[in-house]
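The values are calculated or read from the model by the stated rules, or taken from the named source; none is laboratory data. None of the values given here were measured: they were computed from a predicted structure. Note that we place each Cβ from the backbone using ideal geometry, even for glycine, and neighbour counts take in every protein chain shown. Side chains are part of the model used for accessible areas, which takes the heavy atoms of the whole protein and leaves out ligands, DNA and RNA. Shrake-Rupley method; radii C 1.70, N 1.55, O 1.52, S 1.80 Å.
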Amino acid sequence: MACRLIEGATVLLAAKFLAQFRILPAFAVLAARFAIEAVCAKKFLQLAEKFQLAVRQKLHTEIFRREIQTGELLTLTFDATETLGEFFLKLLPQILSTAILLPLFWLSALFTDWITAAILLMTLPVAPVLLFLIGKATAERNARAWAELQKLNGAFKEILTAITTLKIFGRIDAVAERLKFTSEKSSAATLEVLKLAFVSSFALELITTLAIALVAVTLGLRLISGAVEFEAALFLLLVTPEFFAPVRKLGVMFHVLISARQALERLKIFLAEPTETGAAIGKLRVPPEILVQGVSFAYKKVPVLENLSLKIPAGKITAVVGESGCGKSTLIKLLAGLIVPTRGEIFFSGIPAAKIQRESLWSKIAYVPQAPHLFEATLAENFSMFGQLDAKNLAELLAELNLPLDLSSTKKISRGQLQRLGLVRALLKDSPVILLDEPTAGLDVETEARVLKVLKKFASRRTIVIATHRDAVINFAEHVIMLSN
């Protein structure tokens, strides 16, 4: 707001200097104006980036909390978030300019010549009325474009996921044709929105140009008759385009406002799902005993686990074994709170998981999937994602696991190294519950022995659950749970 006030003051001062034919001071003031605009633009960019990061963090949390349609997630994560970012980057500056500069310039015109101020006041309301009428039509077309884009995102993701299967069965051309059709529909819907946006911009430019012309003609006639002084007339002629400039720019960005409003509504609906809250994890005994009672789970209505009941003892290493497809990985994800049971309940030291705040639960659980994620950062940053990096403990773990890594590197690492990276990350988190999904799959016998030795070292006062099919891990475990298909 302060930036806009200073910017408006520089415009008035520059107009005053030009009306007095003081060219050099006018150029100096205009240069200062551009510098102020650059500073303001940087501030709005930082605000947009901060908001986008906050929204994406909330969406990231929702990914783990419930099952989400792929097309919806992609659209919200990228398109909706980018649209809201454009609101802060492009539209918000124009809204502030309109709210601050319009009254400032109008008051300056009023104190200079009340007739010109009256003309400005009478012609100004035409623009908002026009924008309101166009906005009603734009909203409907924008909703249609949004729906088509969501379909396109979903279809593209599905094709990428199943591209190997489609190639094997020779269905690439047919699917590509369907994707092309969906893409063309999305483009056509987006083009309709852009056409309306261009029409609205043209209409607004025409109205403001006619208003400026009306002021110019009036001042010219009054100047000839001697009803207004030359310096005042020139000052008003210079200020009038600046008076309408925020309105014109706002009209150009009006489609951004419609898109941002609809994006915000969709994000509100998506994030408005009630979150589960309840007891704090701090009340649990550490390490906790885990009880699975009558739990069932289905992926897209296909049952994976049905009426499963079992007990995982506190402070012991438990191996979950069974044939492929029996639900070992699903059970690990259920225990981690990444997915919720379709039916039944999981208890930690007698407290239902549904009554525990998810953030609290996750803070006490370290989960390592079969393929841990390597973030686009240095290896040191990948290891320190759960807090401050203890360099001494990290060096010891890397040595014990035979994992010589350049921590400053951002290069990709092998699958075996990635598995051990996930394990090190979990151990550094120092959680009372450690959940491992096939931590030694694909590792040679010597490396597997190193992993088990490290796990034994860290097993004290921890409940460790390992989904595995490896005999060495099963023999290493203190407690074994057998799952069946």
Some residue of segment 134-152 being surrounded by fewer than 20 Cβ atoms within 10 Å (Cβ to Cβ), at pLDDT 75 or above and closer than 30 Å to PHE198 by Cβ: no
message: For the structure I just gave you, tell me whether SER363 is under 30 Å from VAL292 (Cα atoms), of a type outside the set (A, V, I, L, M, F, W, C) and in contact with a helix residue (DSSP H, G or I) (Cβ under 9 Å, 6 or more places away or on another chain).
response: yes
query: In segment 79-92, is there at least one residue being in a helix (DSSP H, G or I), touching a Gly at 6+ places or on another chain (Cβ under 6 Å), open to solvent by less than 30 Å² (accessible area, probe 1.4 Å) and at pLDDT below 80?
result: no
message: Quick check on this structure: which one of VAL433, VAL451 is touching a strand residue (DSSP E or B) at 6+ places or on another chain (Cβ under 9 Å) and either under 30 Å from LEU291 (Cβ atoms) or at pLDDT 90 or above (or both)?
response: VAL433
- request: For LEU13, state whether it is among the hydrophobic types (A, V, I, L, M, F, W, C), open to solvent by 50 Å² or more (accessible area, probe 1.4 Å) and in a helix (DSSP H, G or I).
  value: yes
- request: Evaluate the following for ALA395: is it in a helix (DSSP H, G or I) and out of contact with any helix residue (DSSP H, G or I) (no Cβ under 7 Å at 6 or more places or on another chain)?
  value: yes
message: Among the residues in segment 294-308, are any at pLDDT 90 or above and either closer than 18 Å to LYS355 by Cβ or assigned to a loop (DSSP other than H, G, I, E, B) (or both)?
response: yes
statement: Here the qualifying pairs (Cβ atoms under 9 Å; residues six or more apart or on different chains; first in segment 425-450 and open to solvent by 50 Å² or more (accessible area, probe 1.4 Å); second basic (Lys, Arg)) come out as GLY442/ARG415; ARG450/ARG420
field: The one condition in (1) under 22 Å from GLU446 (Cβ atoms); (2) assigned to a helix (DSSP H, G or I) that ILE413 fails to fulfil
entry: (2)
- request: Filter segment 363-385 down to the residues that are among the charged types (D, E, K, R) and assigned to a loop (DSSP other than H, G, I, E, B), then identify the one that is nearest to ALA336 (Cα to Cα).
  value: LYS364
query: Is it true that PHE34 is loosely packed, with under 13 Cβ neighbours inside 10 Å, outside any helix (DSSP H, G or I) and without any contact (Cβ under 8 Å) to a residue 12 or more places away in the chain?
result: no
query: Does ALA380 meet the test of being surrounded by 15 or more Cβ atoms within 10 Å (Cβ to Cβ) and within 30 Å of ASP471 (Cα to Cα)?
result: no
- request: Show the residue pairs that are 6+ apart or on different chains and have beta-carbon atoms under 9 Å apart, the first residue being within segment 284-303 and at positive phi, the second being open to solvent by less than 80 Å² (accessible area, probe 1.4 Å) and not polar (S, T, N, Q).
  value: GLY294/LEU308; GLY294/PRO341; GLY294/GLY344; GLY294/GLU345
Qualifying residues in segment 16-31 (those that are in contact (Cβ under 8 Å) with a residue 60 or more places away in the chain and in a helix (DSSP H, G or I)) - the one most open to solvent (accessible area, probe 1.4 Å): LYS16
From the options THR463, THR410, THR468, residue that is open to solvent by 70 Å² or more (accessible area, probe 1.4 Å), of a type in the set (Ser, Thr, Tyr) and either out of contact with any strand residue (DSSP E or B) (no Cβ under 9 Å at 6 or more places or on another chain) or in contact (Cβ under 8 Å) with a residue 40 or more places away in the chain (or both): THR410
message: Being modelled with pLDDT of 80 or more and open to solvent by 60 Å² or more (accessible area, probe 1.4 Å) is the filter here; which residues of segment 201-225 pass it?
response: THR209, LEU210, LEU214, VAL217, LEU221, LEU223, ILE224, SER225
message: For the structure I just gave you, tell me whether GLU446 is in contact with a Lys or Arg (Cβ under 8 Å, 6 or more places away or on another chain) and either under 18 Å from TYR367 (Cβ atoms) or not hydroxyl-bearing (Ser, Thr, Tyr) (or both).
response: no
- prompt: Which pairs have Cβ atoms under 9 Å, sit 6 or more apart or on different chains, and link a residue in segment 99-128 that is open to solvent by 50 Å² or more (accessible area, probe 1.4 Å) to one that is among the aromatic types (Phe, Trp, Tyr)?
  reply: TRP106/PHE243; THR112/PHE235; LEU121/TRP106
